[in-house]
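I have placed the structure first, in the form of structure tokens, so that the comments after it can refer back to it.
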Amino acid sequence: MAPPPASPADSAPDPRPIASAPVPITVPSLRDHTHHHLVDRRDTPRVRAWDWEPERNRRGGAMDGAAAAKLVSGEAGYVLEDVPHVSDYLPDLPTYPNPLQDNPAYSVVKQYFVNPDDTVCQKIVVHKDGPRGNHFRRAGPRQRVYFEPDEVHACIVTCGGLCPGLNTVIREIVCGLSDMYGVTKILGIQGGYRGFYARNTITLTPKSVNDIHKRGGTILGSSRGGHDTVKIVDSIQDRGINQVYVIGGDGTQRGAGVIFEEVRRRGLKVSVAGIPKTIDNDIPVIDKSFGFDTAVEEAQRAINAAHVEAVSAENGIGLVKLMGRHSGFIAHYATLASRDVDCCLIPESPFYLEGEGGLFRYIEKRLKDNGHMVIVVAEGAGQKLIAETMQSIGKDASGNELLLDVGLWLSQKINEYFKKNKMTINLKYIDPTYMIRAIPSNASDNVYCTLLAHSVVHGAMAGYTGFTIGQVNGRHCYIPFYRITEKQNRVSITDRMWARLLSSTNQPSFLCNKVVEEAKKEQERAAQLLDGSPSHRKG
């Protein structure tokens, strides 16, 4: 297997002109991995070709700025979707030894520095004769860094809604910069993006963030909207900030990408790095979002309460609404974990109320068979049904469409149906939405947040920029901004996980053949895109 060419963090910048389309290149064989982790491996010759091509936002229209795909092609259909580096536009920057080589805590680690040729494959299951597919640059500490600890002036900002683990990520970025690299100047930007020019900042130190991981929310505060690129970069430049860590969802990451483009246009030595955050787990490419495990675990408490209420009353129905605007992952996984749920409704799987195979008939059957029922519904489910009788209520400051309350609507419809059919029911509606997203992260998410934070720090110190950190197939890697903002991750209603849920709940699929066939075709199209080069994004 041929490795990718080296990144700018590991060798001198490439003086050749930028190509307009991906061109296959000859790459060297894997270098010897048996040396000690402090041996400098940068002297091995490599051949490199960077290919930049315009990137369009697949949600509609061209992206702001001059966003581009940085591609490296190799043998057997290998494509590395690399991330930008400060030396791409500042080619004469000096490098420095990584301070970790003198850190006694890491002296016991064998080959601690990441081999610059290491990449992570996006698609882990491939056919024997198929292309190797798309890869991302592996995250981790590099032997040479582009920032001296004394010159680093970092800032951290949190944007969008709350999510378990925000404070843990803040804490570990601060502690990672301080403990691993000796950085002392770290600012917290208060109140989201607008805090760059409209609010005060706070100084962050390991002591000040010592126990914040035990609290929910974010100590920096957050907000939606308020993004003014010029003002933000003016503030970054005026304050002498040279590392920007942005924690937020897809809209926030799009904003970070625009900030990076403005930084690059001005020729500033500033690394802009993102940590993707969404409680709905709808960020594509990555295995999962931080806070998701905690949300699923906390959702169990609401489902258990609904179950207790349902079994304690004649014809009891417990209805639980969980978060999930466009992706029903929390509802899906909470249902699988609970095993007390009789029906799970998510945005990806349309349902209907009346008639044979509809929700009302299913509820009747479950009540006659068991005497009680638990229903879990994601907040974005059934919006088309509701819209038939109610008007849209607009959008929030981030441009997200405000959803109508499917839980209250469904409660009313169920009560009306059984009242009309003269059947007594006892329905209890539980909405734990803001309780779930406001709690501290659990042990699993705390570990995950720590690894994400340390990985993003390593990337910024190595000079990478215009990237977000994420776990892909169990390995942390650096991902271009456009890959996590081009679409949303959705529950596949044609894979085994959804089949397991249907088997667990015994609910009808509510799907006609046409919907199933369309979902299968969409899955096939997505699989084909993963198999080949990302050059399909040219326009």
### Query
Separation of the range 283-338 and the range 472-505 by C-alpha centroid, Å?
17 Å
### Query
Ordered by residue, what ³J(HN,Hα) values in Hz, to whole numbers, does the range 433-439 give under the Karplus form 6.51 cos²θ - 1.76 cosθ + 1.60, where θ = phi - 60° and Gly and Pro are x?
3, 7, 5, 5, 6, 9, 8
### Summary
Plugging the Cβ-Cβ distance of Glu356 and Lys231 into 1/(1 + (r/R0)^6) at R0 = 56 Å yields, to the nearest 0.05, a FRET efficiency of 0.45
### Task
Go ahead and collect, in residue order, the members of the range 485-503 whose backbone nitrogen is under 16 Å from a label point 7 Å along the Cα-Cβ direction of Ala337.
501
### Message
Going by amide H atoms built from the backbone, whose H comes under 5 Å of the H on Lys277, apart from near neighbours?
### Response
Gly248, Gly249
### Query
Please identify the trypsin sites (Lys or Arg not before Pro) of the range 185-261 that satisfy two criteria: DSSP loop assignment and at most 11 other Cβ atoms within 10 Å. Which are they?
Lys207
### Query
Could you give the accessible area per residue of the range 426-499, probe 1.4 Å, as a whole number in Å²?
34 Å²
### Message
I'd like to compare 186-192, 126-132: which one has the highest average count of other Cβ atoms within 10 Å, and what's the full order after that?
### Response
186-192, 126-132
### Summary
Length gained if Thr184 through Val125 is fully extended, taking 0.36 nm per residue and subtracting the Cα-Cα distance, is 16.9 nm
### Among 81-93, 424-436, the order from most to least packed when residues are scored by Cβ within 10 Å on average
81-93, 424-436
### Relative packing of peptides 409-422, 138-151 - highest average C-beta neighbours within 10 Å first
138-151, 409-422
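The values are calculated or read from the model by the stated rules, or taken from the named source; none is laboratory data. Predicted, not measured: the structure shown is a model, and the values here were computed from it. Here Cβ is always computed from backbone atoms with ideal geometry, including for glycine, and neighbour counts include all displayed protein chains. These accessible areas exclude ligands, DNA and RNA; they are computed on the full protein's heavy atoms, side chains included. Shrake-Rupley method; radii C 1.70, N 1.55, O 1.52, S 1.80 Å.
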